[in-house]
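The values are calculated or read from the model by the stated rules, or taken from the named source; none is laboratory data. Bear in mind that the values here come from a model prediction, so they are computed numbers and not experimental data. Neighbour counts are summed over all protein chains in view; Cβ atoms, including those assigned to glycine, are modelled from backbone coordinates with ideal geometry.
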Amino acid sequence: MERENLIMLDPAEGADLKQIVPKKIALVASPWVFDDEVEFRSQQLGLGYIGAYAERFGHHIAAFVDPMLDGGVRVKVPLKTKYRLTHRFGHSDKEIVKRIPQDVDIIGLNGPFTDSRLTAYPLINAIKQAFPDVPLVVGGVLATTLPHQVLNESRADIIVKGEGEIAFARIANGEPLNQIPGLVYRGADGMILESSMRSEQLRTIDSIPPPGYHFRPMDEYTRWSPRGDRSQRTLSLISSRGCPFTCEFCSIPEKGQRWRPFTPERILGEIDMCIDRYGVNHIEFEDDNFTLMEGRAIPILRHLADLRKKGVPLFCSFPNGIMIDKMSRDLAFLMAEAGTDIAYLPVECGDTRVLVSMDKPSATEHLGKTLEIARHCVEAGLLVSAFFIVAYPGGIVPHKKYLRPEYERHVIHESGQVFMKGEDEESFENTMKFCRTLQGLGVQGITPLIATPYPGTELYEVCDKFDWLRFKDAKDVMTTVSYAHMKPEYVQIETPCCSASRAYERWREMSDVFQSFHNVRRFSGDDHLVPTQEVAKRETSAT
């Protein structure tokens, strides 16, 4: 993993626009893959930021193509993979290509998930068939974690690893590729060349323009939130980037660990504009760490609370979870005043030893802090659900201070590193007991997720090292587990502590014993889709 490449000066500020030839840019989103139905969507914030920043150099967004729009969400086609039959959602590759202008100069494509490869690779090839001489740049999680695979399995020209605003703009500006950090690309002889550095990231991110509200179809986007809410008009918003922590199951370290916030003034300006312009009444904060700095979170929440007091029917949610270690009683009550419809607590496990194996921050104090914050949230009147990772296989222990004598039988010493085995029957029972304790405090939901080894994570490396991956040919494996249609054959890890079938049984047990909230989908009267079991439970309990 390369070190972060943070820069102080924004290249757009001192750019000589007279020396830059303006380019016509097409931004393209990948079609989606789901087991049976569309479980969530995206307002394509990444493409919005990329395009808005490129415009600062005089470039023009000639097309913004999202295959899920204009009825694309209802286009469902069977998709056969090596191990599974799943479905592709979104307009066809042919239709997507038709929406790209013939005189386009550069095409940017977003692959937001590892599974995006199942639809992105065929789409990339179709685009290059139609535009063989137009550079096609791929970014997103897929490009960042699997850059060589993208180039080897498709006809993509350039990959951007990490945040893409500066790198994409420099490509569009016509700078030599070998001088742009963060790129992987094909040289003139067909050889793959790779920058030794990550893409450049601004240390202070307020100079990055808002994510292209003028070229993204916001009126349609706000009708259906990324989590499927269609009863409110939702704005998907990022108020900060990055996460300073190193949980081994998470791919954030590959994207950037330096936490960098937008100022409250910047965020509140976007919110107020979208309320006035698009009738937004629900803010979905996509941050990985919204509450990391309480002094910044408070004015944002206070502003939302004040709007509600003035009669604005506003709600907010934090679907990626709220950092428990950085929560307080004051924040819990302010979140309630701000109209938080549900607070997710990323507990992950009810056994301290397994938390140590995850490299969970403050692992030995985590469960005690969780109980404290859960009490505050319940006292504040928040609807609370807790995330748990079932059947976690174990991992590297980077902090020896967390090792205890009673853990010794679970420890593996190899190659100068210390590995901790993961969840066994005893630790699973500890988790179930902890869930019951949370339930007794008034926490309404327990949301279990089965451990998944995403490429680019420490968890994946550990599973590969100890031969715990069930499927060896990684490029054929799906990693996005369906929340609505979980099945035993989707489990990807098999360890001496827990077989794949037992992992599913543990997940099933938690799902049956506790009420689960995830991917909450509320539908308007005109929709005909059936909510998931979790939402049905929630609606039943609310009546």
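Flag: residue 420 does not match the condition of being within 30 Å of residue 342 (Cα to Cα) and under 27 Å from the mean Cα position of the chain (by Cα).
Residues checked against (1) within 21 Å of residue 100 (Cα to Cα); (2) surrounded by fewer than 22 Cβ atoms within 10 Å (Cβ to Cβ); (3) among the aromatic types (Phe, Trp, Tyr); (4) touching a Pro at 6+ places or on another chain (Cβ under 6 Å):
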position: 139; (1), (2), (3), (4): yes, no, no, no
position: 142; (1), (2), (3), (4): no, no, no, no
position: 168; (1), (2), (3), (4): yes, no, yes, no
position: 183; (1), (2), (3), (4): no, no, no, no
position: 190; (1), (2), (3), (4): no, yes, no, no
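Condition (residue is among the hydrophobic types (A, V, I, L, M, F, W, C) and either modelled with pLDDT of 95 or more or surrounded by fewer than 16 Cβ atoms within 10 Å (Cβ to Cβ) (or both)) applied to segment 220-232: is it met by at least one residue? No, that holds for no residue.
With respect to being surrounded by fewer than 16 Cβ atoms within 10 Å (Cβ to Cβ) and under 24 Å from residue 476 (Cα atoms), residue 128 falls outside the description. Of the residues making up segment 309-330, none is charged (D, E, K, R), closer than 30 Å to residue 113 by Cβ and buried (at least 18 other Cβ atoms within 10 Å of the Cβ).
Is it fair to say residue 344 is under 23 Å from the mean Cα position of the chain (by Cα), assigned by TED's automatic domain parsing to the domain that holds residue 309 and of a type in the set (Ser, Thr, Tyr)? Here the answer is yes, as residue 344 does meet what is asked. Restricted to segment 287-402, the set of helices (runs of 4 or more DSSP H) holding at least 1 residues that are at pLDDT 95 or above and among the hydroxyl-bearing types (Ser, Thr, Tyr) comprises 352-358, 363-379. In the condition set (1) crowded, with 16+ Cβ neighbours inside 10 Å; (2) assigned by TED's automatic domain parsing to the domain that holds residue 37; (3) over 20 Å from the mean Cα position of the chain (by Cα), residue 174 is compliant with all but (1). Screening segment 260-296 for residues that are within 27 Å of residue 245 (Cβ to Cβ) and out of contact with any helix residue (DSSP H, G or I) (no Cβ under 9 Å at 6 or more places or on another chain) and picking the one that is surrounded by the fewest Cβ atoms within 10 Å (Cβ to Cβ) gives 295.
Scanning segment 27-64 for residues that are more than 19 Å from the chain's Cα centre (by Cα), outside any loop (DSSP other than H, G, I, E, B), surrounded by fewer than 24 Cβ atoms within 10 Å (Cβ to Cβ) and not charged (D, E, K, R) turns up 52, 60, 61, 62, 63, 64. Output the residues belonging to segment 490-505 that are in a helix (DSSP H, G or I) and under 25 Å from residue 227 (Cα atoms). Correct list: 490, 504. Residues in segment 71-92 that are in a loop (DSSP other than H, G, I, E, B) and either surrounded by 17 or more Cβ atoms within 10 Å (Cβ to Cβ) or at pLDDT 95 or above (or both): 75, 90, 91, 92.
Filtering segment 453-479 down to residues that are of a type in the set (Ser, Thr, Tyr) and surrounded by fewer than 21 Cβ atoms within 10 Å (Cβ to Cβ), which residue is nearest to residue 504 (Cα to Cα)?
Kept after step one, since they are of a type in the set (Ser, Thr, Tyr), are these residues of segment 453-479: 454, 457, 460, 479.
So of that shortlist, the ones also surrounded by fewer than 21 Cβ atoms within 10 Å (Cβ to Cβ) come out as 454, 479.
Working: 454: 18, 479: 15 Å.
Of everything passing the filter in segment 453-479, 479 is nearest to residue 504 (Cα to Cα).
For segment 233-244, taking the residues that are more than 12 Å from residue 283 (Cβ to Cβ) and of a type in the set (Gly, Ala, Ser), the one that is modelled with the highest pLDDT is identified as 240. Report yes if residue 108 is outside any helix (DSSP H, G or I) and surrounded by fewer than 24 Cβ atoms within 10 Å (Cβ to Cβ), otherwise no. So residue 108 does not fit the description; no.
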